[in-house]
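Values in this text are rule-based calculations from the coordinates and carry no lab data. Remember, predicted model here, so these are calculated numbers, not experimental data. Backbone-built Cβ (ideal geometry, glycine too); neighbour counts: all protein chains shown.
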Amino acid sequence: MADADLRVKPDWGVLTGIAFTFFALGVTVNVLVLERVGSEIKTVVAAIVVNSATSELAYLAVRDAGGSVLAALIAGWVVASRFGLLAAGLGGRLQVGRLHRALAGLQSFDPNVGVAVQQPTSHGVMRVFWMVTLAMHAGWWSGTFVGVFLGNIIGDADRLGLDAVFPALMLAVIGNLLRQRQGMTAALAGGGLCAVLVPIAPAGVPIIVSLVGAAIAMRVRVPEGTT
């Protein structure tokens, strides 16, 4: 399939890859959560209520490091706050009613927004957004139940290498953007800030601060006729 076709509609291979990524993420995260809370019901409820792997991981990281429950909750909230920014970025590309816009805002995550905003038309943005969203949920929920109810069989999920799947997906999502001058500028500036702040800043803060990279990229002039 040509690049132009992929921009309009991801093929089944792409959607399957996204679903598998979130399946692996669901298994990994929920095995870790189950080990800490010791309850299948609490683990499933956390997956439903939080609905964010990165927020759950931030919570566990702070708690395991000896932080208070409040500090852990704040860390999870800070990490999750980026979804509001993603929703705002998606909103500018939508030409739909308020209810549809609200539903899309509640489902705005890194991969579906990252792929959707690369589409050339508002219709394409919405179509691709929901296709990727369905693939994400199919993988996340199947992985959640496998991680919760078969976690004792799987054991340490890290030894299977599942923790590397999500970063690989994100690189694939932003691959086209990295070929653009503004995208590369945002990646270098934001990534550099994260690299500096991760060892010294509280969980989630480097991600939020890295948005400065996007602000810098917006000031980069793109010559006419290029992307």
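The base-10 log of I(q)/I(0) for the stretch 3-157, evaluated at q = 0.11 Å⁻¹, reads -0.48 [Debye formula, identical scatterers on Cα atoms, solvent excluded]. With r as the distance between the Cβ atoms of S68 and H123 and R0 = 35 Å, compute the FRET efficiency 1/(1 + (r/R0)^6) and round to 0.05. The computed FRET efficiency comes out at 0.15. Sorted ascending by nearby beta carbons within 10 Å, beginning with the fewest, H123, H137 become H123, H137. Neighbour counts of C-beta atoms inside 10 Å place W77, W12 in the sequence W12, W77, starting with the fewest. Here the residues T54, T28, ranked from fewest to most Cβ neighbours within 10 Å of their Cβ, fall in the order T54, T28.
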